[in-house]
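Presented below is the structure to which this report refers.
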Amino acid sequence: MSDSLPQQADQHIPRRYQLARMLARRWLCWVYRKVRLLCAKALHESGSALVVLNGEANFLHAIALVAALDRRITCILPHDEGQSFWRRQVADWLGMIVMENDESAPQAAMSAAKEILSQGDAVAVFARAGVARSEALSDSCLSVARLAVEAETGRSGGLGLEIRPLYFLGSQDSKARGDLLIYAGAPLAIHPFSSGAAGDASVRTIAVELEDRLTDTPFRLQERDVQYFLADLETVLRTDLSEDWAARPNWKQTTDGFEISRLIVECVEQLNVLDPERLVGLRIELERYREELRQWSLRQAEVEASGVWVGSGLRRGWYWLESIVGFPIALYGLANHLVPTAFLSWRGLIRQIKTSDPGQAWLLRAMVVLGWYFVEVAFCAKWFGRVAAGYYTLTLPLSGLYLWRYYWMLRARTRLLYAATSLAGQREKLRQKRKAFLDELNQIRDAYAGSLQVTK
């Protein structure tokens with residue numbers, strides 16, 4: 001088990017590959033906090049190995065795998081994952097095979113993969129299991145099984161080839177990225193399946209076993225967590241429907257008795273098996289939305305409970321005006337009282353003091369402030385004269401009292417005024433965030449429904 005990216009490189013690996021891998025490691029450590037390769041001791045060993053990355057093709061996952069291993073590994077990517085110029089360059093530096101956009105590309109990639117495996121090196125491909133209702137095997141698992149059988153039987157005595165499934169867990173959202181986890185599942189030996197059966201039967205047997213391995217992902221959510229997610233999702237759907245119906249004229253239907261559709265439940269359960277990384281991302285998005293909604297509701301309740309002054313336009317205007325006009329005066333008072341305030345805060349004399357006599361506490365505070373007044377007035381008298389010092393002395397307590405009031409006003413009035421003004425805009429942002437989340441969910445649902453129609 002490795003908790004971070006390995007740092008040693010095989011001396012037989014080309015220098016260009018080593019340099020590109022080192023840069024990839026540095027970049028990944030910047031994108032993610034850590035890349036953790038779990039239960040993957042066998043992956044670092046030499047010999048032929050066919051590594052299967054669970055899920056749809058993902059360029060970032062391919063880079064992470066190359067960077068995480070000490071040995072050289074060749075990743076095969078579809079054309080869509082290597083379209084841009086920079087991706088093509090990175091793929092070339094890391095020795096990846098990006099298939100061209102033509103019908104002969106899969107066969108050419110398979111031939112190249114068989115050649116690499118015959119040389120005792122490792123190849124990585126992407127595959128995922130089929131939908132839950134489908135009795136047919138997925139094309140990707142069949143392709144991996146066919147590649148393994150042909151590579152194993154194409155050499156006299158066999159390669160001793162193993163299929164090693166890998167599972168990834170790491171948020172694709174830049175705001176929620178933490179560690180990227182890569183878990184290596186139990187290897188699937190090819191020789192017992194390919195030695196005694198016909199070619200097509202061997203391919204199907206291995207594909208069935210591979211699908212079972214891929215669906216048994218260690219990162220899927222527990223059933224209890226899935227039910228919590230579905231309950232929160234139902235609440236969000238209810239809210240969205242209520243707002244849509246409330247905007248329609250003379251619409252009287254309510255969400256009473258509303259239940260989440262069976263299709264969405266099946267889609268979430270399917271996602272938990274085939275793509276738990278995406279389900280975790282959806283759950284993080286939903287929890288982030290609910291937390292922001294909770295904060296908004298608290299601010300709204302605080303504004304509503306603040307008193308009648310919030311509803312008075314005259315008083316609101318006065319507090320806004322004082323917040324702007326009074327700022328220079330408060331800044332002047334802060335400059336005069338910055339040193340005693342810092343000292344009192346350092347000694348714990350502002351909020352708390354270790355004494356049972358509150359009068360003594362206030363006496364100590366007054367002595368500190370008056371002592372600093374004496375220093376300031378003496379300095380002013382020396383440099384600007386006694387007359388200026390006299391006027392300055394009058395401003396000290398007045399500016400101190402106004403600083404106190406301004407601080408109270410910022411906390412008890414200006415903050416609530418700003419909250420009341422921004423509530424509508426924040427609510428609209430929350431609505432847009434909810435719509436974006438539901439749009440993503442609908443895309444996943446539609447893709448799942450389409451896969452069910454294809455398999456019928």
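The values are calculated or read from the model by the stated rules, or taken from the named source; none is laboratory data. Just so it is clear, the model here is predicted, and its values are computed rather than measured. Here the Cβ positions follow ideal geometry from the backbone for every residue, glycine too, while neighbour counts run over all protein chains shown.
A few notes on this one:
- Test result for C29, modelled with pLDDT under 85, at positive phi and surrounded by fewer than 21 Cβ atoms within 10 Å (Cβ to Cβ): no
- Any hit, region 122-129, residues being modelled with pLDDT of 90 or more, more than 23 Å from V273 (Cα to Cα) and not polar (S, T, N, Q): yes
- Meets criteria (basic (K, R) and modelled with pLDDT of 90 or more) for K114: yes
- One residue alone among V387, V377 is β-branched (V, I, T) and either within 30 Å of L286 (Cβ to Cβ) or out of contact with any helix residue (DSSP H, G or I) (no Cβ under 6 Å at 6 or more places or on another chain) (or both), and that residue is V387.
- Neighbours by Cβ (under 6 Å, 6+ apart or cross-chain): first from region 429-443, assigned by TED's automatic domain parsing to the domain that holds L271; second part of a helix (DSSP H, G or I) and among the hydrophobic types (A, V, I, L, M, F, W, C): L430/L293
- Against the test of being buried (at least 17 other Cβ atoms within 10 Å of the Cβ) and aromatic (F, W, Y), the options W296, W320 yield a single qualifying residue, W296.
- Comparison of A91, A49 shows that the only residue that is surrounded by 13 or more Cβ atoms within 10 Å (Cβ to Cβ) and under 27 Å from V273 (Cβ atoms) is A49.
- Residues (within 24 Å of G55 (Cα to Cα) and free of Cβ contacts under 8 Å to residues at least 60 places away in the same chain) located in region 220-257: R220, Q222, E223, R224, D225, V226, Q227, F229, L230
- Selection status of W346, out of contact with any strand residue (DSSP E or B) (no Cβ under 9 Å at 6 or more places or on another chain) and surrounded by 11 or more Cβ atoms within 10 Å (Cβ to Cβ): no
- R316, sole failed condition from (1) over 38 Å from the mean Cα position of the chain (by Cα); (2) in contact (Cβ under 8 Å) with a residue 12 or more places away in the chain; (3) not in a helix (DSSP H, G or I): (3)
Yes/no per residue for (1) under 30 Å from L403 (Cβ atoms); (2) modelled with pLDDT under 90; (3) in the same structural domain as S422 (by TED's automatic domain parsing):
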residue	(1), (2), (3)
P276	no, yes, yes
R290	no, no, yes
V310	yes, yes, yes
G317	yes, no, yes
I324	yes, no, yes
L349	yes, yes, yes
I353	yes, yes, yes
S356	yes, yes, yes
G359	yes, yes, yes
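- Any hit, region 253-263, residues being more than 17 Å from the chain's Cα centre (by Cα) and within 22 Å of R128 (Cβ to Cβ): yes
- Of all residues in region 258-304, those that are in a loop (DSSP other than H, G, I, E, B), free of Cβ contacts under 8 Å to residues at least 40 places away in the same chain and of a type outside the set (A, V, I, L, M) total 3.
- When residues of region 156-200 are limited to those that are out of contact with any Leu (no Cβ under 6 Å at 6 or more places or on another chain) and hydroxyl-bearing (S, T, Y), the one modelled with the lowest pLDDT: S174
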